[in-house]
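Novice: After the structure tokens below, expect a handful of questions from me.
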Amino acid sequence: YICLNDTVHLNVDPPGKRIVWSPAAGLSDPNNYGPIVSPNQNTSYTATLTDSVGCFTSSTSINVHIKSLPTVDAGPGQFYPYNSPFTINPKYSNNVSSYNWTPGNLLSCTTCPDPSGVATKSNTFYITVTSDSGCIAKDSIRISVECKDSYLRMPNAFTPNHDNLNDYFYPLTIGVQSIIQFSIYDRFGNLVFEARNFPPNDQTFGWDGTIRGADQATAVFVYYLEALCDSGEKLYKKGSVVLIR
């Protein structure tokens, strides 16, 4: 007994004879003593053995039964406002007997059919189900935080004095997949800093208040920001920031 799409080795005795398996459908090699089979329906395979001169002939059959696979459809991806509750309601076949969700620390349960959670960041959740006969099926669903202009939060000042507090100026975002462009200009329109294609909320990609290694005095600078949302949309933002010494 095997699950659909699984494989199994067939074996017969005595060894050392000529062998022919039939039918050939689903067989890796009809002349091999231990062929691998993967039929798509219940199949009876017959092995016929003969000696080298054809004086001895014998046959035996092995029935390979195909167990029904379970099915699971987690549904299309969903979008929620930040910090909103959500529930996942997949569709299951009647022969599903157990459920396993990952990552489990972000859901209300890992072994229930309809877990819930809170959309604090975008995640893909994976569901593995097992049937009453031990066969497995899998699916996944993406729960994304909605992308809004208000979710692009830029400080209006920063203090790069190396005290490990507010030393970098960088985008703080929700529901954003990546920052496409982050540019900073002085009051004359000169580009003083730029970073491209980096993950959000990471100060290592921010500006440390220097230009060509030199600390800058207190001044107002202008920034331009282009961000890619989890949903595939783009957000744009520009404004000013005060560098305070």
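Novice: Looking at the chain, which Cys residues are left with no other cysteine's beta carbon under 4.7 Å from theirs?
Specialist: So, Cys55.
Novice: Something else: Which aspartates and glutamates, if any, have their Cα less than 13 Å from the Cα of Lys237, not counting same-chain residues under 8 positions apart?
Specialist: The qualifying aspartates and glutamates are Asp149, Glu226.
Novice: Further question: Once fully extended, how much extra length lies between Ile36 and Ser140, figured as 0.36 nm per residue of separation less the alpha-carbon to alpha-carbon distance?
Specialist: 34.3 nm
Novice: Given springs between every Cα pair under 10 Å in a Gaussian network model of the chain, which of Ser61, Ser231, Ser38 has the largest fluctuation?
Specialist: Ser61
Novice: Moving on to the next point. Run the accessible area of the chain with a 1.4 Å probe and give the carbon-and-sulfur part as a rounded percent.
Specialist: On the chain, the fraction of accessible area on carbon and sulfur atoms equals 48 percent.
Novice: Something else now. Measuring from label point to label point, each 7 Å out along Cα→Cβ, what is the Ser28 to Asp167 span in nm?
Specialist: Using points 7 Å along Cα→Cβ, the separation is 5.9 nm.
Novice: Filter the chymotrypsin sites (Phe, Trp or Tyr not before Pro) in the range 151-199 down to the DSSP loop ones having no more than 13 other Cβ atoms within 10 Å, then list what survives.
Specialist: Phe188
Novice: Which FRET efficiency, nearest 0.05, do Asp6 and Asn197 yield, Cβ-Cβ r, R0 51 Å?
Specialist: My answer for the efficiency is 0.75.
Novice: How would you classify the chain from its alpha-carbon gyration tensor, with a ≥ b ≥ c the square roots of the eigenvalues: rounded for a/c under 1.5, else prolate if a/b is greater than b/c, otherwise oblate?
Specialist: prolate
Novice: With respect to the cross-link table entries Lys148/Lys234; Lys91/Lys148; Lys91/Lys138; Lys121/Lys238; Lys91/Lys234; Lys138/Lys234, which display a Cα-Cα separation exceeding 21 Å?
Specialist: Table pairs above 21 Å Cα-Cα are Lys91/Lys148; Lys121/Lys238; Lys91/Lys234; Lys138/Lys234.
Novice: Kindly provide log₁₀ I(q)/I(0) values, in the same order as q = 0.22 Å⁻¹, from the Debye equation applied to equal alpha-carbon scatterers of the range 170-219.
Specialist: For the range 170-219, the Cα-only Debye profile gives -0.84.
Novice: Which order do peptides 123-130, 94-101, 22-29 fall in by mean Cβ count within 10 Å, highest first?
Specialist: 123-130, 94-101, 22-29
The values are calculated or read from the model by the stated rules, or taken from the named source; none is laboratory data. These figures come from a predicted structure and were not determined experimentally. Don't worry about glycine lacking a Cβ; one is built from the backbone with ideal geometry, like all the others, and counts go over all protein chains shown. Side chains included, ligands, DNA and RNA excluded: accessible areas come from the protein's heavy atoms. Shrake-Rupley method; radii C 1.70, N 1.55, O 1.52, S 1.80 Å.
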